[in-house]
Amino acid sequence: MLIPKSVKIGAENIQVLWFPALTDAEGTPVWGIFDTHERVIKLDTDMYGNKGLILDTFFHEIIHVMNSVNRLKLDDDTIYRLGFMLAAFLSDNEIPTVHDG
Ligand SMILES: [Zn+2]
């Protein structure tokens, strides 16, 4: 599985960076975080080998970016549900993209 090094969301190019022992601003360990100031997604390297966790976390952070870009004011529980649903949807379906010719 390939997590891209950056993703384009709306007008923004968001870098995806990996760190060991990732924490949020309060110092709580987290698997992933969208840094709204640096405009980067950070993922924890301790997830290596756990494809399901990586996908869920990656799409959770993608929804965070969409929430921020569109000022949707979604709460974190809603973002979890949308992230899980998006990850499952893309895993469960063969979706052709505009890049497939
Ligand atoms: Zn979150």
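Run the numbers for Lys73 and Val98: contour at 0.36 nm per residue of separation, minus the present Cα-Cα distance, in nm. Each step should come with its number before you reach the end.
On the way: separation 25, 0.36 × 25 = 9.00 nm, distance 2.95 nm.
Full extension from Lys73 to Val98 adds 6.0 nm.
In whole Hz, what ³J(HN,Hα) sequence does region 48-60 give by Karplus (6.51, -1.76, 1.60; θ = phi - 60°), x for Gly and Pro?
3J(HN,Hα) across region 48-60, in whole Hz: 3, x, 10, 4, x, 5, 4, 4, 4, 5, 4, 6, 4.
Grab the Cα-Cα distance for Asn50 and Ile3, subtract it from 0.36 nm times how many residues apart they are, and report the gain in nm with one decimal. Please list the in-between numbers first.
Working: separation 47, 0.36 × 47 = 16.92 nm, distance 1.27 nm.
Difference between extended and current length: 15.7 nm.
Counting each DSSP H run of 4 or more residues in the chain as -39500 (n - 2.57), what helix-only mean residue ellipticity at 222 nm follows after dividing by all residues, to the nearest 500 deg cm²/dmol? It would help to have the intermediate numbers written out before the result.
On the way: 2 runs with 36 residues, N = 101.
Computed mean residue ellipticity for the chain: -12000 deg cm²/dmol.
Just need the relative contact order of the chain here, percent rounded to a whole number, with Cα pairs under 8 Å and 6+ apart.
On the way: 114 pairs, mean separation 19.4, N = 101.
Relative contact order comes out at 19 percent.
Quick check on region 4-101: of the DSSP beta bridges with both residues there, what percent are antiparallel, nearest 5%?
Numbers: 9 of 14 bridges.
Antiparallel bridges make up about 65 percent of those DSSP assigns within region 4-101.
Can you return the lysines within cross-link range of Lys51? Criterion is Cα-Cα under 18 Å, with same-chain partners fewer than 8 residues away left out.
Lys5, Lys42
Please list the three semi-axes, largest first and in whole Å, of the ellipsoid equivalent to region 6-92, using sqrt of 5 times the eigenvalues of its alpha carbon gyration tensor. Write down the numbers at each step before the final one.
Details: eigenvalues 64, 55, 33 Å².
Working from the Cα gyration tensor, I get semi-axes of 18, 17, 13 Å.
Only the coordinates and a few stated rules stand behind these numbers; no lab work does. Just so you know, these numbers come straight off a predicted model, no measurement behind them.
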